[in-house]
Every structure is written in structure tokens, then in C-alpha cells.
1. Most exposed first by the Cβ proxy, i.e. fewest other Cβ within 10 Å, how do Lys24, Lys136 rank?
2. Sorted by mean Cβ packing within 10 Å, highest first, what order do the peptides 90-99, 103-112 take?
3. Need one number: nm distance between label points at Val34 and Ala75, each 7 Å from Cα along Cα→Cβ, rounded to one decimal.
4. In square nanometres and to one decimal, what's the mean projected area of the convex hull around the Cα atoms of the stretch 26-65?
5. Between the stretch 46-74 and the stretch 82-110, how far is it from one alpha carbon centroid to the other, in angstrom?
6. Enumerate lysine pairs in the chain that are 8 or more residues apart or on different chains, then count those whose Cα atoms are under 29 Å apart.
7. Subtracting the Cα-Cα distance from 0.36 nm times the residue separation, let me have the gained length for Val23 to Arg110 in nm, one decimal.
8. Using a ≥ b ≥ c from the Cα gyration tensor of the stretch 34-91 (square roots of the eigenvalues), is it rounded, prolate or oblate, where a/c under 1.5 gives rounded and otherwise the larger of a/b and b/c decides, a/b for prolate?
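What follows draws every value from the coordinates through simple rules; no lab data is involved. For clarity, every value in this text was computed on a predicted model and none was experimentally measured. Note: ideal-geometry Cβ built from the backbone for every residue, glycine included; neighbour counts use all protein chains shown.
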Amino acid sequence: MATDVHSNGTQAALRERGMGELVKALSGQMSTLVRQEVELAKVELAEKGKKAGLGAGMFGAAGVAAILMLGSLTALVILALATAIPAWAAALVTTVLWGAVAGALALVGRTKMRELGTPVPEKTVETVKEDVQWLKNRK
């Protein structure tokens with residue numbers, strides 16, 4: 001029951017205020033709300049950024065571990081080949097194999113990059129040109 005009296009009192013107070021005063025109050029409340037939303041977004045993005053940084057660090061560490069693993073694999077291949085041929089020849093064969101893998105990956109990468117074409121967002125550039133032309137024709 002007290003709530004009804006309070007809300008009726010608030011309604012009466014609002015009726016007594018002028019339109020300009022109400023708009024000013026609403027504007028102040030909106031700017032406060034926007035500032036609070038921006039602050040919330042900052043806090044949320046900071047938390048997500050920390051998590052993303054940790055995840056990126058883990059990917060980096062996984063990359064280092066993978067490189068170490070490939071080094072060990074290379075040593076294993078050299079040692080295995082060294083049982084059949086001289087150690088220097090085994091190292092040379094392994095180096096040539098890794099060179100062939102690197103070359104093949106580079107060729108595939110170059111082909112994929114050429115398929116991309118120019119790094120310019122062509123559709124966006126075209127629509128901006130159309131917008132500029134439309135604005136010129138309006139004059």
C-alpha cells in the first residue's frame with residue numbers, strides 16, 4: 001500500500017515539473033546509463049583480453065614444443081639413417097628432405113597468396129565510389 005502512495009506522489013511530482021526539466025533529467029540519466037554501459041564493456045573486454053592473451057601464450061608455447069619435437073624427430077631420422085650410411089650422409093639426406101618440405105609449403109603458400117589478389121577491399125571501394133557519385137549527382 002505504501003508503494004501506491006509513493007508512486008502516486010512521484011507521479012504528482014512529475015506532473016508539476018516542466019517539460020524542459022523532464023527532458024533535461026532524462027538526458028542526464030541517459031548519459032549516465034551510456035557511461036555505465038561503456039564502463040561495463042571496458043571491464044568485460046579487459047577480462048576477455050586477459051583470457052585471450054593466456055590462450056595465445058599457450059599456442060605460442062605449443063609452437064615452441066612442436067619445434068623441439070621436430071628437432072628430436074630430425075635427430076632420430078639422422079641416427080636411424082646413420083646405421084646404414086655414414087652419419088654426415090644421413091644428416092645431408094635429412095636436410096634435403098626438410099628443404100623439400102619447406103619448398104613445397106612455400107610454393108603452396110605463394111599460390112594461395114596469389115589467389116587472394118590485391119589486399120584492397122574491392123567491394124567496399126566500389127560502393128564508396130558509388131556513394132561519392134550519388135552525392136555529386138544530388139547537387
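1. Working: Lys24 12, Lys136 8.
In increasing order of surrounding Cβ atoms, one gets Lys136, Lys24.
2. Working: 90-99: 14.0, 103-112: 9.8.
Result, highest mean first: 90-99, 103-112.
3. Label at Val34, label at Ala75, 6.2 nm between them.
4. Numbers: hull surface 9.7 nm².
Mean projected area for the stretch 26-65: 2.4 nm², to one decimal.
5. 26 Å
6. On the way: Lys24/Lys42; Lys42/Lys50; Lys42/Lys51; Lys112/Lys123; Lys112/Lys129; Lys123/Lys136; Lys123/Lys139; Lys129/Lys139.
Step by step, the pairs that qualify in the chain add up to 8.
7. Full extension of this stretch gives 25.2 nm more.
8. Values: a/c = 12.04, a/b = 8.59, b/c = 1.40.
In terms of gyration-tensor shape, prolate.
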